[in-house]
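Participant: The structure follows.
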Amino acid sequence: MADSFDVIVIGGGIIGASMAYHLACETPRRSVCLLERSKLTSGTTWHAAGLVAELRASANLTRLARYSGELYDRLQTQGEALGFRRVGALTLATHSDRQYELLKLAAMARHNGVDCTWWSADAIAERWPHIYSEDLLGGVYMPRDGQTNPVDTTLALARLAKANGALIKEDTAVTQILVENGIATGVRTADADYHASQVVVCAGLWSRSLGAQVGAHFPLYPAEHFYAVTEAVDTPADAPIVRVPDHGVYIKPDAGRLLIGCFERQAKPLDPARLPADFSFDELPFDLEHFAPYLERGLGRIPAAASSGIRTWFNGPESFTPDGRYMLGESPHVAQLFVAAGFNSIGIQSAGGVGKVMAQWLDRRRPPMDLWEVDVRRFEPFQNQDEYLIERTSESLGLLYAMHWPYFQHESARHQKQSPVHDLLVQQGACFGELAGWERPNWYAQPGETPQYEYSYGRQNWFECTRAECNAVREAVALFDQTSFAKYEIAGTDACRFLNRLSTGDLEVAPGKVTYCQWLNTDGGIEADVTITRVAEDVYWVISTAACVTRDLHWLNRHRGDHRVDINNITNAYAVFGVMGPQAREHLQRLTDTSLDAKDFAFGTSAQLDIGGVSVRAMRITYVGELGWELYVPAQDAVALYRVLTSAPIQHAGYHAMDSLRMEKAYRHWGHDITEEDTPVQAGLTFTAAFGKPGGFIGQDVLARQKAEGVNRRLALFQLQDSTTLLTHDEPIWQDDQTVGHIVSSAYSYTFNCSVGLGYVHGEPVISRRQILQGTYHVEVADQKVPARVSLRALYDPDNQRIHC
């Protein structure tokens, strides 16, 4: 072995340099080696536009972006020549929907400490007359946004890492990641093997192929990214960066010139095999026909540039992921192999924050905050296929500047997974959304209507359709296709002991008992929100959310240890139908000889039974707050069961209805209301914890301490006192005259005719239930503060009488 280190970082772009810097400077006890196949910055970093924005699509990603700017500011103040300047940025709106979207973002930004104000078109024209404003409604101005020199910034980070003991090796291409017994142990180069306890892949568009060699899935794909630099243009000294998302362009002042770039609606995916092996500081052929419409729009926004001429035409590759968010974290397929890649053209502004949280992630082997939206475990193997990535990348690049509509659905790379009754649901008017590759019926069109989304920030075209579905669940009975739910079978001699240690609930129960519980980390944060059914003495079924299959299986296998268990993903083996509503018992009883009376089939129990000649596992459980059963049937029998269930009239209902109904009951949803940084005490789920069970559970000591000492935030339910205003997420919550939190999920309640949302209310050092219920509440939606009522109980049937009847 030539060398041995604690961490090896593969890739010398700004992400790899930031990783090395934070590992060497902020965790100095760790030895770090960065290996770059060519020269530092030679891949994508050298040609990046260098924009450093503070605002991202969520609160936590905004925190990372803000830290990047603060880091660059601090290093420059300490004498490092980064070329960083806070020149400000202006994002413009040319139509009312974009204006509303920007106003909502501005409210979220201010809540998260970003200096952000709305400027009218007249104010923009007066302050910056060089910007064409005749077609504008206004724009959001962020004075602390900036720009930096990507090369100088990367070199400074690498230099500081080296000064603190890191080894930086250029012209050292990694040819293979070394793996022993499923654990990354180092890398191989042409000259030597390098050993390490952990390996981090920061290799940009080459990350996917490196991971594939050892079975690690890093779904990203390069696309061509275009910009042009004008000759000298007469603009004010304080000219800000200008973004015009409605036109797909951004404009950056650049040493007296303008850099005009675009995120085009239909992108040009790039086959990485087309790139030469020694691709370094290289460009791609320029496609003027492709870029010309965007250049024209950019020049039209700054009229003084129209006659300046073009100094530089540029086209280079950048990496994009299937959902437009970068990927971080430990591979679920190879232990101690981490990734930070797929930055979707925001690598410069993300690098500082990513380097910081990844250094902490490596140290603890879990994220230091809720980063699920960028966690590599959100992806599944099918998303790493060439055909899928090429089709999705052509769409995802353009979506960066598209409208971010509520309930937006991708159009590309669809129909990866379907329920066995998909075609039958099409006949019922289903309009499908996509989650984790599954085509799921989100709503059902009425006869004569087209099952297709018409997006807006108001009531969308499915609003009344979903009302009918919700009314059926509350008043009669409805049928849900829940096939996409994740399902795992845990079997073996140690199944009970294994799951009992992971779960807050006590699973030492009789076969047929269904237990709702969470899996926690050692800080008490919720890693999964599941129902677990003991189907036999040594066999359990775990039901989880569709988006968490990779994550859940990684968690299970990571904790398996020497337990004698088999862990099997049975998601595709079973279809699931939910029959829900006060008439659910009546609808099902005529189809089975098994008594469904409450005394014979109680809530929270499961049994194998015959429904119209089809054998199913029935679980009396609900996510909509009504009497009902979830019916699990082998996939090959799903069509037969569906025909039996629909032999008598029954309303079909979709996931929009389910979301509305679960919000009325304040049922939590993992990934929105509860995450790995939220504990059951904070989330109001302490009732799931069996503190006295033998052996305890992971995170128990934290929960016990929080119960005794209190917590500084608690989840509450908010009911808007305005029937027309709609919530989405991240809206600030005001208690009297100060913000105390933000909405984490929401839906429209058809029972109460208003929007309802869940959100955490913060208070220092601890906050009591009594404090939460005091004062006057408003929720800030765009530029309006809407009165709201707060509750710590469900709005609908808070005593759970209906689900137990």
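Participant: Applying the selection to segment 194-213, what residues are of a type in the set (A, V, I, L, M) and under 19 Å from Pro272 (Cα atoms)?
Facilitator: Residues satisfying the conditions are Val201, Ala203, Leu205, Leu210, Ala212.
Participant: With the checklist (1) surrounded by 22 or more Cβ atoms within 10 Å (Cβ to Cβ); (2) out of contact with any Pro (no Cβ under 8 Å at 6 or more places or on another chain) in hand, flag the one item Leu609 doesn't pass.
Facilitator: In the conditions (1) surrounded by 22 or more Cβ atoms within 10 Å (Cβ to Cβ); (2) out of contact with any Pro (no Cβ under 8 Å at 6 or more places or on another chain), Leu609 misses (1) alone.
Participant: Among the residues in segment 196-216, are any at positive phi, at pLDDT 95 or above and part of a strand (DSSP E or B)?
Facilitator: Checked segment 196-216: no residue is at positive phi, at pLDDT 95 or above and part of a strand (DSSP E or B).
Participant: Scan segment 690-708 residue by residue and report those that are within 20 Å of Val766 (Cβ to Cβ), in contact (Cβ under 8 Å) with a residue 12 or more places away in the chain and either among the basic types (Lys, Arg) or touching a Cys at 6+ places or on another chain (Cβ under 8 Å) (or both).
Facilitator: Matches in segment 690-708: Lys707 only.
Participant: Would it be correct to say that Ala510 is assigned to a loop (DSSP other than H, G, I, E, B) and either open to solvent by 20 Å² or more (accessible area, probe 1.4 Å) or closer than 23 Å to Glu330 by Cα (or both)?
Facilitator: So Ala510 passes the test.
Participant: State whether one or more residues within segment 211-230 are acidic (Asp, Glu) and farther than 29 Å from Val9 by Cβ.
Facilitator: The answer is no, given that none of the residues of segment 211-230 is acidic (Asp, Glu) and farther than 29 Å from Val9 by Cβ.
Participant: Please find, within segment 217-239, the residue that is farthest from Lys268 (Cα to Cα) out of those that are in contact with a Ser or Thr (Cβ under 6 Å, 6 or more places away or on another chain) and not in a loop (DSSP other than H, G, I, E, B).
Facilitator: Thr230
Participant: Only one of (1) under 20 Å from Gly316 (Cα atoms); (2) touching a His at 6+ places or on another chain (Cβ under 9 Å) fails for Asn384. Which number is that?
Facilitator: (1)
Participant: With of a type outside the set (Ser, Thr, Tyr) and over 21 Å from Gly204 (Cβ atoms) as the only criterion, which of Arg56, Arg74, Arg37 stands out?
Facilitator: Just one listed residue meets the conditions, Arg74.
Participant: Oh, and also: Are there strands (runs of 3 or more DSSP E) fully within segment 709-783 with at least 2 residues that are crowded, with 21+ Cβ neighbours inside 10 Å and in contact (Cβ under 8 Å) with a residue 60 or more places away in the chain? List them.
Facilitator: It comes to 713-720, 738-749, 754-762, 777-781.
Participant: Follow-up question, since we're still on this one. Only one of (1) open to solvent by 10 Å² or more (accessible area, probe 1.4 Å); (2) of a type in the set (Ser, Thr, Tyr); (3) outside any helix (DSSP H, G or I) fails for Ser484. Which number is that?
Facilitator: (1)
Participant: Further question: Open to solvent by 20 Å² or more (accessible area, probe 1.4 Å), more than 30 Å from Arg208 (Cα to Cα) and in contact with a His (Cβ under 8 Å, 6 or more places away or on another chain): is that true of Pro236 in this structure?
Facilitator: Considered against the rule, which asks whether it is open to solvent by 20 Å² or more (accessible area, probe 1.4 Å), more than 30 Å from Arg208 (Cα to Cα) and in contact with a His (Cβ under 8 Å, 6 or more places away or on another chain), Pro236 comes out as yes.
Participant: Which of the residues belonging to segment 643-660 are touching a helix residue (DSSP H, G or I) at 6+ places or on another chain (Cβ under 6 Å) and open to solvent by less than 10 Å² (accessible area, probe 1.4 Å)?
Facilitator: Ala653, Ala657, Ser660, listed by residue number.
Participant: Hey, can you tell me all the residues within segment 333-362 that are within 17 Å of the chain's Cα centre (by Cα) and open to solvent by 10 Å² or more (accessible area, probe 1.4 Å)?
Facilitator: Phe343, Ile346
Participant: Looking for something open to solvent by less than 20 Å² (accessible area, probe 1.4 Å) and hydroxyl-bearing (Ser, Thr, Tyr) - is there at least one such residue anywhere in segment 188-203?
Facilitator: Within segment 188-203, one or more residues are open to solvent by less than 20 Å² (accessible area, probe 1.4 Å) and hydroxyl-bearing (Ser, Thr, Tyr).
Participant: Here's a follow-up. Does any residue in segment 519-536 that is on the phi > 0 side of the Ramachandran plot and open to solvent by 10 Å² or more (accessible area, probe 1.4 Å) come within less than 7 Å, Cβ to Cβ, of a residue that is in a strand (DSSP E or B) and at pLDDT below 95 six or more places away or on a different chain, and which pairs are these?
Facilitator: Hits for this filter: zero, empty list.
Participant: Being of a type in the set (Val, Ile, Thr), under 28 Å from the mean Cα position of the chain (by Cα) and under 15 Å from Met108 (Cα atoms), is that true of even one residue in segment 710-723?
Facilitator: no
Participant: Let me ask another. Looking at (1) over 19 Å from Gly43 (Cβ atoms); (2) charged (D, E, K, R); (3) surrounded by 15 or more Cβ atoms within 10 Å (Cβ to Cβ), which one does Glu289 not meet, given that it meets all the others?
Facilitator: (3)
Participant: Ok, one more. Just wondering, is there one or more residues in segment 162-181 that are of a type outside the set (Asp, Glu) and in a helix (DSSP H, G or I)?
Facilitator: yes
Participant: Looking at segment 549-572, is at least one residue farther than 27 Å from Gly182 by Cα, open to solvent by 50 Å² or more (accessible area, probe 1.4 Å) and of a type in the set (Asp, Glu)?
Facilitator: Scanning segment 549-572, I find no residue that is farther than 27 Å from Gly182 by Cα, open to solvent by 50 Å² or more (accessible area, probe 1.4 Å) and of a type in the set (Asp, Glu), so the answer is no.
Participant: Among (1) assigned to a loop (DSSP other than H, G, I, E, B); (2) buried (at least 20 other Cβ atoms within 10 Å of the Cβ), where does Asp593 come up short?
Facilitator: Every condition holds for Asp593 apart from (2).
Participant: Residues Gly165, Gly182, Gly204: which one is closer than 30 Å to Ala109 by Cβ and touching a residue at least 40 places away in the same chain (Cβ under 8 Å)?
Facilitator: Gly204
Participant: Cβ-Cβ distance below 7 Å, separation of 6 or more or different chains: which pairs start in segment 29-45 with a residue that is under 18 Å from Gly165 (Cα atoms) and end on one that is in a loop (DSSP other than H, G, I, E, B) and of a type in the set (S, T, N, Q)?
Facilitator: These pairs meet every condition: Leu35/Thr172; Glu36/Thr172.
Participant: Of the residues that sit in segment 612-642 and are small (Gly, Ala, Ser) and open to solvent by less than 20 Å² (accessible area, probe 1.4 Å), which one is farthest from Glu475 (Cα to Cα)?
Facilitator: Ala638
Participant: Considering only segment 493-515, state which residues are in contact with a helix residue (DSSP H, G or I) (Cβ under 6 Å, 6 or more places away or on another chain) and either under 25 Å from Arg378 (Cα atoms) or without any contact (Cβ under 8 Å) to a residue 24 or more places away in the chain (or both).
Facilitator: Answer for segment 493-515, where residues must be in contact with a helix residue (DSSP H, G or I) (Cβ under 6 Å, 6 or more places away or on another chain) and either under 25 Å from Arg378 (Cα atoms) or without any contact (Cβ under 8 Å) to a residue 24 or more places away in the chain (or both): just Thr504.
Participant: Please count how many residues of segment 429-471 are open to solvent by 10 Å² or more (accessible area, probe 1.4 Å), under 15 Å from Thr483 (Cβ atoms) and in a loop (DSSP other than H, G, I, E, B).
Facilitator: Total meeting the criteria: 1.
Participant: Can Ala273 be described as among the aliphatic types (A, V, I, L, M), surrounded by fewer than 15 Cβ atoms within 10 Å (Cβ to Cβ) and within 30 Å of Gly211 (Cα to Cα)?
Facilitator: So Ala273 passes the test.
Participant: Just one of Arg560, Arg617 is assigned to a loop (DSSP other than H, G, I, E, B), basic (Lys, Arg) and touching a residue at least 12 places away in the same chain (Cβ under 8 Å); which is it?
Facilitator: Arg560
Participant: Say whether the condition of being in contact with an Asp or Glu (Cβ under 9 Å, 6 or more places away or on another chain) and either in a loop (DSSP other than H, G, I, E, B) or closer than 30 Å to Ser749 by Cβ (or both) is met by at least one residue in segment 597-604.
Facilitator: No, there is no match, as no residue in segment 597-604 is in contact with an Asp or Glu (Cβ under 9 Å, 6 or more places away or on another chain) and either in a loop (DSSP other than H, G, I, E, B) or closer than 30 Å to Ser749 by Cβ (or both).
Participant: Can you give me the number of residues within segment 457-492 that are in contact (Cβ under 8 Å) with a residue 24 or more places away in the chain and either hydrophobic (A, V, I, L, M, F, W, C) or on the phi > 0 side of the Ramachandran plot (or both)?
Facilitator: Count: 16.
The values are calculated or read from the model by the stated rules, or taken from the named source; none is laboratory data. This one's a predicted model, so the numbers in the text were calculated from it and none came from an experiment. Because the Cβ atoms are built from the backbone with ideal geometry, glycine has one as well, and the counts that use them run over all protein chains shown. These area figures cover heavy atoms from the full protein model, side chains too; ligands, DNA and RNA do not enter into them. Shrake-Rupley method; radii C 1.70, N 1.55, O 1.52, S 1.80 Å.
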